[in-house]
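Undergrad: Okay, here's the structure, questions in a sec.
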């Protein structure tokens with residue numbers, strides 16, 4: 001990407017290229033379908049906010065019943081669902097997730113958000129978000145219905161928290177929800193170490209779920 005941009009500078013001229021460069025850099029940071037941030041800028045900013053102690057939780061959601069929409073109605077319908085989901089997530093997080101909240105599309109039908117709220121408000125936050133995401137998406141062939149499995153983890157509940165480790169923990173929680181509760185599952189999880197388990201043998205519920213799958 002950077003090599004292409006640099007090669008284009010002499011041909012276009014610095015003045016003309018400035019606008020092109022700006023647009024291309026914005027496009028690299030923004031998902032073209034949902035309009036949300038992409039993984040890389042979200043990870044960078046979340047890493048910084050974790051170090052500064054300015055976010056409290058990360059939530060990760062995966063859409064249920066999304067593949068049948070793509071299969072039955074085509075990719076334009078799937079894109080409409082992704083765009084609606086991105087807009088609803090972004091609006092909800094902006095309004096309820098704290099001043100430095102940030103949402104992104106990780107890829108496929110997975111979305112993530114870093115938020116700053118009180119622990120006691122987390123379950124209500126997730127339930128209200130799930131309700132918003134479950135609203136039908138208008139489509140010429142009839143409304144499209146999807147739900148979301150939502151996993152959440154507190155930053156301080158993850159040993160040596162970083163953007164990568166907290167995201168992995170939230171992904172584990174989401175996987176447990178899909179495995180144990182099926183579609184449209186959501187929960188706020190508090191990670192508590194088992195004092196009787198050794199580091200070598202202790203398994204997180206998501207690891208147990210994967211081991212039994």
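The values are calculated or read from the model by the stated rules, or taken from the named source; none is laboratory data. Source: prediction; values computed, not measured. Positions of Cβ are backbone-derived with ideal geometry, glycine not excepted, and every protein chain shown enters the neighbour counts.
Undergrad: Would you mind telling me which numbered condition in (1) modelled with pLDDT under 95; (2) surrounded by 14 or more Cβ atoms within 10 Å (Cβ to Cβ); (3) closer than 25 Å to residue 72 by Cβ residue 175 fails?
TA: (3)
Undergrad: Quick one: residue 211 ticks every box in (1) part of a helix (DSSP H, G or I); (2) at pLDDT below 80; (3) under 23 Å from residue 43 (Cβ atoms) except a single one, so which number is it?
TA: Unmet condition: (3).
Undergrad: Every residue in the stretch 45-66 that is without any contact (Cβ under 8 Å) to a residue 24 or more places away in the chain and assigned to a helix (DSSP H, G or I), please. Give the derivation first.
TA: Step one: filter the stretch 45-66 for residues without any contact (Cβ under 8 Å) to a residue 24 or more places away in the chain, giving 48, 51-53.
Passing the criteria: 48, 51, 52.
Undergrad: Further, regarding this structure: Would you pick out the residues in the stretch 141-155 that are surrounded by fewer than 18 Cβ atoms within 10 Å (Cβ to Cβ) and at pLDDT below 95? I'd like the intermediate steps shown before the answer.
TA: So in the stretch 141-155, the residues surrounded by fewer than 18 Cβ atoms within 10 Å (Cβ to Cβ) come out as 141-143, 145.
Scanning the stretch 141-155 gives 141, 142, 145.
Undergrad: Would you pick out the residues in the stretch 51-65 that are closer than 21 Å to residue 92 by Cα and out of contact with any strand residue (DSSP E or B) (no Cβ under 7 Å at 6 or more places or on another chain)? Please lay out each step first, then the result.
TA: Let us first name the residues in the stretch 51-65 that are closer than 21 Å to residue 92 by Cα, namely 54-64.
Passing the criteria: only 54.
Undergrad: Between 205, 195, which is surrounded by 13 or more Cβ atoms within 10 Å (Cβ to Cβ) and at pLDDT below 95? Talk me through it step by step, then tell me what you get.
TA: On the way: 195 fails: surrounded by 13 or more Cβ atoms within 10 Å (Cβ to Cβ).
Being surrounded by 13 or more Cβ atoms within 10 Å (Cβ to Cβ) and at pLDDT below 95 holds for just one of 205, 195, which is 205.
Undergrad: Can you pull out the residues in the stretch 60-86 that are out of contact with any helix residue (DSSP H, G or I) (no Cβ under 6 Å at 6 or more places or on another chain) and within 16 Å of residue 42 (Cα to Cα)?
TA: Listed by number, the residues that qualify are 61, 86.
Undergrad: Confirm whether residue 24 is at pLDDT below 95, touching a helix residue (DSSP H, G or I) at 6+ places or on another chain (Cβ under 9 Å), more than 28 Å from residue 141 (Cβ to Cβ) and in a helix (DSSP H, G or I). Talk me through it step by step, then tell me what you get.
TA: Numbers: at pLDDT below 95: yes; touching a helix residue (DSSP H, G or I) at 6+ places or on another chain (Cβ under 9 Å): yes; more than 28 Å from residue 141 (Cβ to Cβ): yes; in a helix (DSSP H, G or I): yes.
When the stated conditions are applied, residue 24 passes them.
Undergrad: For the stretch 92-122, which residues satisfy the criterion of being closer than 22 Å to residue 136 by Cα, in contact (Cβ under 8 Å) with a residue 40 or more places away in the chain and surrounded by fewer than 19 Cβ atoms within 10 Å (Cβ to Cβ)?
TA: Hits for the stretch 92-122 are 107, 110.
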